[in-house]
Amino acid sequence: MKEYYDIEVAGLKRRLPILPISDKMAIAAFVILGDCEMPCAAAKALKDQVPAVDWIVTAETKGIPLAHELARQLGMSSYITARKRTKLYMQDPISVTVTSITTEGEQQLWLDGADAEKIRGKRVLLVDDVISTGESIAAIRALTEKAGGIVAGTACILTEGDPKDHEDVICLGNLPLFPIETE
């Protein structure tokens, strides 16, 4: 199996390490945390493709840089982050359970009650860095809908796996999955 996967996204080239996630499958690890160029270039490329919305909602952690820059480029003064744990400042938080291929085990996503009020009856864009199985974005959707938000669209930098599984997602490209050959 190759060690790296080369990709070009929004005019930027990146070499991604190929890492096993199980004994049968590996992925090209696309991480935007710490990459100042990628969220800016990706948001610029996505901003004219996304529907008009009132709010952007993302989940901790890797979707935050894209959500921040996309909100800024769309002229929004803020966006909403679903948290992995409740925080002392949260009042009347709501939650849903999520399982992701890049996070071990089940986890909860929490939305501050004040943020839930902000999106009630509002058009919301769900944002993440990469959408693979769709479990994380489904949890963000469930949390948004539980709060009374109206999901107007879903956007990410890259999808992963079969592009047909992500036909309703606005994205800039797709990463293949890498089966691990057993002998």
Review point. Normalised by the residues of region 1-106, what does the relative contact order come to in percent, with Cα pairs under 8 Å and at least six apart?
Key: 18 percent
Study note, to complete from the structure: Descending packing, highest mean Cβ count within 10 Å first, for 165-174, 127-136 is 127-136, 165-174
**Study point:** Solvent-accessible heavy-atom area per residue, rounded to whole Å², over region 33-116 at 1.4 Å
**Key:** 53 Å²
Point to revise | Carbon/sulfur fraction of accessible area - the chain, other protein chains in place, 1.4 Å, % | key: 49 percent
**Study point:** Cα centre as origin, Lys/Arg/Asp/Glu Cβ charges: region 1-153 dipole, Debye
**Key:** 220 debye
Review point. Pairs of lysine in region 54-152 with Cα under 21 Å and at least 8 positions apart or on different chains: total?
Key: 8
**Study point:** Environment charge of Ala139, counting only residues whose C-beta is closer than 13 Å and scoring Lys/Arg +1, Asp/Glu -1
**Key:** -1
Check your understanding: In nm, what is the difference between 0.36 nm times the number of residues separating Met76 and Ala29 and their Cα-Cα distance?
Key -> 14.0 nm
Practice item. Work out how much length Glu8 to Ala52 would gain on full extension: take 0.36 nm times their residue separation and subtract the Cα-Cα distance, in nm to one decimal. Key: 13.1 nm
Review point. Quick one: length gained pulling Ile21 to Glu135 fully straight, 0.36 nm per residue minus the C-alpha distance?
Key: 39.5 nm
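The values are calculated or read from the model by the stated rules, or taken from the named source; none is laboratory data. On a predicted model such as this, the values are computed, not experimentally measured, just so you know. Note that each Cβ is placed from the backbone with ideal geometry, even for glycine, and that neighbours are counted across all protein chains shown. Remember, those area values only see protein heavy atoms, side chains included, never the ligands or the DNA or RNA. Shrake-Rupley method; radii C 1.70, N 1.55, O 1.52, S 1.80 Å.
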